[in-house]
Amino acid sequence: MYEKKLLIAPAVVLSVLAACAQPDPQLQAEMSAETNISMESGGNFESVDSSDASSVESQTEAGGDFTQLQAVDGTTVTETIGEGDYVLTLDADVHIPDVSPQEGTFAAKSLNLSAIEDALGNGETLSPESSGTRYISQDSSISFFVPPGPIGSALFENQNLSSYYSGANPYTKLPDEMTEQENAFVSEMTVAAQESLENIMPVSQLKNTGYQVFEDNDLSYASLSFISEFAGYPLIDASQAAYMVTDVTLGTEGVIRVNFQGFYDMGESVDTDVLSLEEVLEIVRTGVEEKNINTYPIPVTDISLAYMVENVTETSADFYPVWCFSGDVDAAIGHHPLICIDARNGSIVSMFSQY
C-alpha cells in the first residue's frame, strides 16, 4: 500500500560537542515511504554475484516513464513479507531524486576555490602549494587538500578553530536523551552545514543515530555525518556496501573540518531505465519467500534510488543505479544499506548480514 506522508529526515548518528576553550594544536578527527524489515541473519555484508543463477533476479527489462516513478516519491510502503521467524516488514519512506537515473563514470571534481573560500574559509584566499593538490591560506591556518590516489576524497581544515574548540572529552547520548537546548543546537548546526556545502557538494540526509555530547557548555560544536550524494542520489561504496559519508565538524564560530567522500564531477554517462517500485518489491517478495534475501531484527526505514560506485581509480569511478533498502542498524553504525538491488535488471548486488 502506498500512502502520501510528510517527509521528515531520519535522525541518524550526530555528535554534539561542547567544550571549554583550551589551546591544543589539533582537534581529533571526527569525523514518503517507510520501510521496516523484521529479519534474522548472520555474518557481514554479502556481495552477491549477479551472474549466479541462485541470485534473485528480475527477468523483466527495466523501462517506463521516470515521471511515473517520481509519483511514488514521498509515499509510504507498508507490507509484511514472509512468515514465521523469517519476516521482512516494510514500513518505508520512498525517495526518488528529481533527476532521471544514469549510469557511467564519475570524474575527479573540478575545484571551485572561490566557493570553498567563501563558504568554509571565512573569505580567506587559498593558494596552491607546489604539489598543486593542497591549497592554503596566507598564514597556513586554513587548508583544502585533495589527496593523491583514487578520486573522490578531499579534506578542509581550519586549524585556528580546531585549537579554539579543543579540550574536552565527549560521551554518547541517544537522541531522546538530549536536552531541548542540545537538540536545538544540533538542528541549527545541521542547517548551517548544509548551507555551507550547498555550492561545493550538497548534502541533505544525516547518517547516524546517536549523539556525542560535552557537558561543559562554554563552547559547543557538532560533528555531523551526512550521506554523500550526487544529483540527489545517495552514493554507496561497492567495496564496503556502505554509504559514502561526508563528515562536517562545526560550531557557531564557523566550519572546523570537512572530510569529503564522493567528491565527484560527472564523467561520461547515459540515461538508463530502471525497474519500477512495484517490480523491485516483487523481487524482494520472491527473494524472502525463497530465502535468497536476508531478514533482519530491525526495520527498514527507507527505500531509495541510489548510485552504486565501484572500480574507483585515480581518474574515474564507475556508477550505476540501485534500489536501496536501508535502516538504522544501531547507534554506532547508524543508517545503513540492508539490501541493494541493481535497478536496471533486478539482480541482488549486496545484503547486510551482520546479525
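Read-outs: derived from the displayed coordinates by stated rules, not from any lab. These numbers were taken from a predicted model, which means no experiment stands behind them. So basically every Cβ, Gly included, is an ideal-geometry build from the backbone, and we count neighbours across all protein chains shown.
Applied to the range 66-75, the Karplus parametrisation 6.51 cos²θ - 1.76 cosθ + 1.60 on θ = phi - 60° returns per-residue 3J(HN,Hα) values of 5, 4, 5, 5, 5, 5, 8, 4, x, 8 Hz, with x for Gly and Pro. Here's how it looks for Val322: its modeled amide H is under 5 Å from those of Ala306, Tyr307, Met308, Ala343, which are all 5 or more places away or on a different chain. Computed 3J(HN,Hα) for the range 289-295, one whole-Hz value per residue from the Karplus formula 6.51 cos²θ - 1.76 cosθ + 1.60 where θ = phi - 60°, is 4, 8, 6, 9, 10, 5, 10, glycine and proline marked x.
The phi-based Karplus calculation (6.51 cos²θ - 1.76 cosθ + 1.60; θ = phi - 60°) puts the 3J(HN,Hα) values of the range 239-248 at 5, 10, 6, 9, 4, 6, 10, 10, 9, 10 Hz, whole numbers, x for Gly and Pro.
Listed peptides 186-193, 231-238 appear in the order 231-238, 186-193 once ranked by packing, highest mean of other Cβ atoms within 10 Å at the front.
The overall shape of the range 182-339 is oblate: from the C-alpha gyration tensor, with semi-axes ordered a ≥ b ≥ c, the ratio a/c is 1.5 or greater and a/b is no larger than b/c.
Under a 5 Å amide H cut-off, with hydrogens placed 1.01 Å from N, Leu338 pairs with Phe325, Ser326, Gly327 among residues at least 5 apart or on other chains. Put simply, the amide H of Lys207, placed in the peptide plane, has neighbours under 5 Å in Val13, Ser225, Phe226, Ile227, leaving out anything fewer than 5 places away on its chain.
Less than 12 Å Cβ to Cβ from Ser141, Lys/Arg counted +1 and Asp/Glu -1: what total charge do the surrounding residues give? Local net charge: -3. In plain terms, the chain from Val99 to Thr252 could stretch by 51.7 nm, reckoned as 0.36 nm per residue minus the Cα-Cα distance.
Taking the Cα centre of the range 219-305 as reference, the dipole from Cβ charges on Lys and Arg (+1) and Asp and Glu (-1) amounts to some 480 debye. The Rg/Rh ratio for the range 238-329, using Cα coordinates for both the radius of gyration and the Kirkwood hydrodynamic radius, is 1.05.
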